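Structure first, commentary second.
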Amino acid sequence: MAAGALAVLLSCLSCCGSALWRYHAASPNYRIFSTRTTITLEYEGTLFSEWSVPETCSIKDKRSPKTELRCSTPGFQNIKPIVTGPDLEDERYLFVDSTNICFLWYRKIAQYYNNFTQVITIWVYDPENADPDELQLKADAPSLNSYVLTRQMATLGQRPSIHTLLKRKVYLSDEKLKDGAWHISIPMTSMDTIKDIRGNQVTFQDCFVSDVLFLLGFPRLTIPETPGFLPISSPLGSQLMIVSSACVPSSIVLVAHMETFQTNDSFRTWTTIRVPPGILTDEERSNVSGVSLSPDGVFFLINGILYLKNITTFVKLGSKENLPDGGIIGITTRKWCWMNYLLKANKRSNLAIWTRDAIYLGYDSLEFVEIINIKKVRETIYIPSTATVRIHSIVYTAHPLEFGMFLSYCITCNVMKQIYLGIYNEDSGQWMLKDFSLNVTMDTFITPHFVFSSMPELILWDKHRIYYSYHNFSANGVIQTPTEFGNLSKLSDDSVIHDVYLDYYGNILVKMENNNLFFFKIYVRDAVKLPLWTNKATKTQFFLNSVSQVNFVSVFENGTLDVQEFPLSLEIRSATYKTKEKCPFVAFHNNIDRVFYILDKKKKLLIWAQIVYPENKGLYIIMELYGPKLLEYKFHNKYEIASGFCTKTMDIMLYQTVNYEAVHDYFKLQDQNMGHMVIQVRPSEFEKTCPTPPRVFQVAVGCDTSKYIVVKGFDYNDCPRHDFFYIIEKSYLRHQPDKNLRVKYSWKKYGCPLKVDFRTNFHPLLELHNENGYIEDVEVNFIVWEIHGREDYSFNITMQKSGCLNEAQTWKSMTTLNKHLPLEEAWGPQNYKHCFSYAIGKPGDLSQPYEIINKSNRNHLVWPMHRTGMYVFRVKILDPNYSYCNLTALFAIETYGMIPSPNGYLVFSVLFLLMLLFCSILTFSYFHYMRIYKHLYGPTDKRKQKNN
Ligand SMILES: *[C@@H]1O[C@H](CO)[C@@H](O)[C@H](O)[C@H]1NC(C)=O
Ligand SMILES: *[C@@H]1O[C@H](CO)[C@@H](O)[C@H](O)[C@H]1NC(C)=O
Ligand SMILES: *[C@@H]1O[C@H](CO)[C@@H](O)[C@H](O)[C@H]1NC(C)=O
Ligand SMILES: *[C@@H]1O[C@H](CO)[C@@H](O)[C@H](O)[C@H]1NC(C)=O
Ligand SMILES: *[C@@H]1O[C@H](CO)[C@@H](O)[C@H](O)[C@H]1NC(C)=O
């Protein structure tokens, strides 16, 4: 307790010397920072005297530490506080934009778990005239101003829609406003999380609404707080530890020295994670040294032992789960998100855990496997027996299936050690030592991080310096600063590096323990110091929020949190304006609008990239491929010069040339040529001021599992569904069994049967579809077979008619050849050989039916006459060069028609009998009638006679 009080006192003393200033804009994340914006200036400290601002800007109260500023002319504005005393405050060059984007979309999300939909309520707001609730993103309904503005916009034809970036779906809003807002209903998804609200090009008072990109996935549950549970924390005096899920960055766990916090909405709301009493001692509870987040829950590393906290329990993990019972040094998860990747053999891990000499991977449902250890490492590469080798740390790379293992190596082990890097591929289960080494002192701990790139490019840091290794380990060094040779501690009052933040745009932000910040970018070798943003004494950490902006979270001693948005791009512009640094190129465009492309056999990918730069520089475009050599490529360059600028355009074609026709081992060849490559396209030079980062994307070669085939004209959904049984006579069956076959017709599996007159032939046409519907007609060869074994159908073209020079393959020949295989495997793309060459096969009887169908050969199925029946066919693509997928489909045909009787004599006799019967009835009725007639008229006459 005394130590805690002392720490507070010390931190308070140190804080009094620190001063800083900040600026705010009303719009969230500084989205709009223009001539229309009211900029709030805020000075934190004691020595303030007045603000110094350019004449083009108007300030409300020059002498107030917190005041408002408006700049009516766009451009860089030099702003600084004038302070009493010897120290100078940092000045900033704020870039004030002139834009006619003034309005933003407000979005409010309601979750409906009953039908798994999210309803997004959207309205337009003007950040300069909005309610505080709207600015803090806490509003339930539009404010009066926003209500009026939204109505105006709607009358002018505005109507927002949501576009998803990964699956390319579009969701329109309701046409009419309801309660002053539009509503869009979208299904919950964890695969299609990047969403974009887009509107029509409608202006109101010359102002547009800004589109907004945001992340929205399947909502996650936080672990509930239970009364009576105790806090779990890091040791007193330690820095904040933060982890988030790579693909759901708004799910975050933050470990401080008094509590562990969790959030699912980027700290808009948060709860604490506490543990039941009795499992951990007080000392253990406040000794968390590592934390990780996976779909299974939150993992804590305490004194070398791993613990799991999930919604229901808090448990210690150990030998029961295949994990060591102690000695665990670290735990880590992926840093970069890939929603799609192609797995060939193995599973993909969620976590990596390591001890001094073994690495364990963690999969879904708490499955852990020891994947490699130092003994195996020593078996694969030569290491002198006198050397000590240990696992230093594990970090996932930017590749979706790889991680880097950093090994420390020393022989005498008294002064220096060397750090080596091996990269392990989870799918192949192989690891490779890379051409990377770093010499550090024995007691140095190095934290590595891979940047978002195709080749493994990395930065590493110890307490004082950032090391880099770029361009496939060929460019190595220390990130430089204008003075002190890159020793960041010397530039920040001897504070040490706390953490480094990297994003998908190539930004790298270094935070010191005292909140000093340094900035550089991917492929850049020097850093610039940014002005202080948060108080030196506050414990802070950065995180990525749901619109991919960096934010700071601070934890106060009283256990409360505070979130601050950080205007990274404004700060970079300010810092680099001072150093007069310029981006070497003016523009870098490309049409690579996906992060994942999957190419099936013979498919090509055509992309282009373009760079515009001042005439006197010699820039060009570089494409870098990482992974197995699965793709060939061709370039085509175009070059133009106009008004002092050069434009270079590179057209790139990526393609495969493998031919699978009649190969020895089809499946093996397929396997060798499947996999993926991570590719990037980038300008040859790059600086801190360049806005567009290298474009990184994946190209997978293999089966796109969302593709499937259907037989045209068949309906698989809309027909009355009721299963029934029918009998197939034994003589119609392939295997000639002794009994008739009773078959159950499953509507769910076979779809609606098509009724076909048995006199008409049937030609199946195949279509390729995916989740978005029709793609193309299938033009290539395919085969069909009746799945219950019927053989009483044929084909209406012969081998000769189809152009065969030798006897073609048939079901009969293929099943005789492959007796050991089940019917469906006896014939397929793996053993297909065509009949159109004298070199393949043998001459034979070419008058046999040709059993291979395709769109153009018009080969029809022929039914037995005068017999109705139910046929369920499976169709399979036969062309070996069509697809990596095993494309098959089922379709059912019910034949019908008039059945003439097999026996004419019987019909004749029946007819004769019927005629006979008819005649006898006729005769009988005649006599009967006559009798009645007589009976009726006879007496009448008599009566007449009587009356007369
Ligand atoms: C889902 O359920 C909610 C409330 O039960 C309803 O308002 C909404 O319209 C439903 N959405 C769909 C797509 O069925
Ligand atoms: C939490 O972890 C325990 C222990 O492994 C497991 O049995 C349980 O199913 C998990 N609960 C949930 C909700 O995942
Ligand atoms: C690192 O140390 C090793 C062994 O002491 C030495 O051979 C090597 O040249 C050093 N490398 C660098 C980059 O200084
Ligand atoms: C906790 O401390 C911070 C900063 O000292 C203060 O702003 C906040 O109001 C405090 N919260 C509570 C609940 O005391
Ligand atoms: C096969 O049947 C179709 C449809 O009845 C017919 O158009 C075609 O001419 C027939 N082909 C041959 C070779 O008989």
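None of the figures in this text is laboratory data; all of them are computed from the coordinates on show. Because the structure is a prediction, the values reported are computed rather than measured. Don't worry about glycine lacking a Cβ; one is built from the backbone with ideal geometry, like all the others, and counts go over all protein chains shown.
Please report the net charge: other residues with Cβ closer than 9 Å to the Cβ of Glu687, K and R +1, D and E -1. Net charge in that neighbourhood comes out at +1.
Think of the chain as having a plus end and a minus end, set by charges on the Cβ of Lys, Arg, Asp and Glu; of Leu561, Thr99, Gly199, Gly199 sits farthest toward the positive end of this dipole. The C-alpha atoms of the chain define a longest principal axis, and helix 144-155 lies at about 40 degrees to it. Between Ile893, Phe724, Tyr882, whose Cα lies farthest towards the positive end of the dipole of segment 708-896 when Lys and Arg beta carbons carry +1 and Asp and Glu beta carbons carry -1, centred on the Cα centre? Highest projection toward the positive end goes to Phe724. Residue separation of Ser437 and Tyr639 scaled by 0.36 nm, minus their Cα-Cα distance, works out to 68.7 nm of gained length.
Karplus-based coupling profile of segment 645-656, in residue order and whole Hz: 10, 9, 10, 10, 10, 10, 8, 10, 10, 10, 8, 10, with θ = phi - 60° in 6.51 cos²θ - 1.76 cosθ + 1.60 and x standing for Gly or Pro. Simple point charges give the picture: +1 on the Cβ of Lys and Arg, -1 on the Cβ of Asp and Glu, and for segment 220-317 a dipole about the Cα centre of about 160 debye. Computed from the Cβ-Cβ distance with R0 of 30 Å, the FRET efficiency linking Ile775 to Ser548 stands at 0.40.
Taking Cα centroids, how far is segment 533-589 from segment 73-146 in Å? A separation of 16 Å, based on Cα centres. In percent, rounded to a whole number, the relative contact order of segment 270-342 is 22, using alpha-carbon pairs under 8 Å and six or more apart.
Packing, as the average of other Cβ atoms within 10 Å across residues, places the peptides 22-35, 570-583, 245-258 in the order 245-258, 22-35, 570-583, highest first.
Multiplying each eigenvalue of the alpha-carbon gyration tensor of segment 272-331 by 5 and taking the square root yields semi-axes of 16, 14, 12 Å, largest first, rounded to whole angstroms. With neighbour counts taken as other beta-carbon atoms within 10 Å, the residues Lys707, Lys536, Lys629, Lys376 rank, fewest first, as Lys629, Lys376, Lys707, Lys536.
Where Rh is the Kirkwood radius over the Cα pairs of segment 24-96, the temperature 4 °C and the viscosity 1.567 mPa s, what D in µm²/s does Stokes-Einstein return? It would help to have the intermediate numbers written out before the result.
Values: Rh = 12.7 Å.
In µm²/s, the coefficient rounds to 102.
The calculated FRET efficiency for Thr117 paired with Met674, based on their beta-carbon distance and R0 = 45 Å, is about 0.80. Fraction of C-alpha pairs exceeding 17 angstrom in segment 759-840: 62 percent, rounded to a whole number. For segment 220-317, the share of alpha carbon pairs falling in successive 5 Å distance bins from zero is 3, 14, 27, 28, 19, 8, 1 percent. Angle of helix 904-947 to the longest C-alpha principal axis of the chain, folded into 0 to 90 degrees and rounded to 10: 70°. Altogether, the Stokes-Einstein calculation at 10 °C and 1.306 mPa s, with the Kirkwood radius of segment 326-578 over Cα pairs as Rh, returns a diffusion coefficient of 81 µm²/s. Each label was represented as a point 7 Å from its Cα along the Cα-to-Cβ direction; for Asn740 and Lys138 these points are 7.7 nm apart.
For the pair Val369 and Lys60 in one chain, pulling the backbone fully straight at 0.36 nm per residue adds 104.9 nm over the alpha carbon distance. Calculated FRET efficiency, Thr99 to Thr647, Cβ-Cβ distance, R0 = 25 Å: about 0.45 to the nearest 0.05. Normalised by the number of residues in the chain, the average gap of Cα pairs under 8 Å and 6 or more apart makes the relative contact order 6 percent. Computed from point charges on the beta carbon alone (+1 for Lys and Arg, -1 for Asp and Glu), the dipole magnitude for the chain about its Cα centre is near 3760 Debye. Towards the positive end of the charge dipole of the chain, with charges on Cβ (+1 Lys, Arg; -1 Asp, Glu), say which of Val778, Gln809, Tyr341 has the farthest Cα. It is Gln809, whose Cα lies furthest towards the positive end. The order of Val586, Val377, going from fewest to most other C-beta atoms within 10 Å of their C-beta, is Val586, Val377. Could you please state, rounded to a whole Å, how far the C-alpha centre of segment 351-430 is from the C-alpha centre of segment 697-722? Cα centroid to Cα centroid, the span is 42 Å. Note on the chain: antiparallel DSSP beta bridges, both residues inside, total approximately 95 percent of the bridges counted. Between the Cα long axis of helix 2-16 and the first principal axis of the chain there is an angle of about 80°, rounded to the nearest 10.
Summing +1 for each Lys or Arg and -1 for each Asp or Glu, what net charge is found among the other residues whose Cβ lies under 11 Å from the Cβ of Pro187? Spelling it out: positives minus negatives among the neighbours equals +1. Couplings 3J(HN,Hα) of segment 458-469, computed from phi: 9, 10, 9, 9, 10, 6, 10, 10, 10, 9, 10, 9 Hz, in residue order, whole Hz [Karplus 6.51 cos²θ - 1.76 cosθ + 1.60, θ = phi - 60°; x for Gly and Pro]. For the pair Glu175 and Phe76, the difference between a 0.36 nm per residue extended length and the Cα-Cα distance amounts to 31.4 nm.
Is the C-alpha gyration tensor of segment 708-896 telling us rounded, prolate or oblate? Criteria: a/c under 1.5 is rounded; beyond that, a/b larger than b/c is prolate, otherwise oblate.
Details: a/c = 1.65, a/b = 1.23, b/c = 1.34.
Oblate shape, in that a/c is at least 1.5 and b/c is the bigger or equal ratio.
Pairs with C-alpha atoms separated by more than 25 Å, drawn from the list Lys749/Lys876; Lys749/Lys819; Lys169/Lys748, are Lys749/Lys819; Lys169/Lys748. Note on Ile446 and Glu484: the model spin-label points, each 7 Å out from Cα along the C-beta direction, lie 2.2 nm apart.
Translational diffusion coefficient of the chain at 10 °C, 1.306 mPa s, Stokes-Einstein with Kirkwood Rh over Cα pairs, in µm²/s as a whole number. Here the translational diffusion coefficient equals 47 µm²/s. When you restrict to C-alpha pairs under 8 Å that are six or more residues apart and normalise by the size of segment 101-215, the relative contact order lands at 31 percent.
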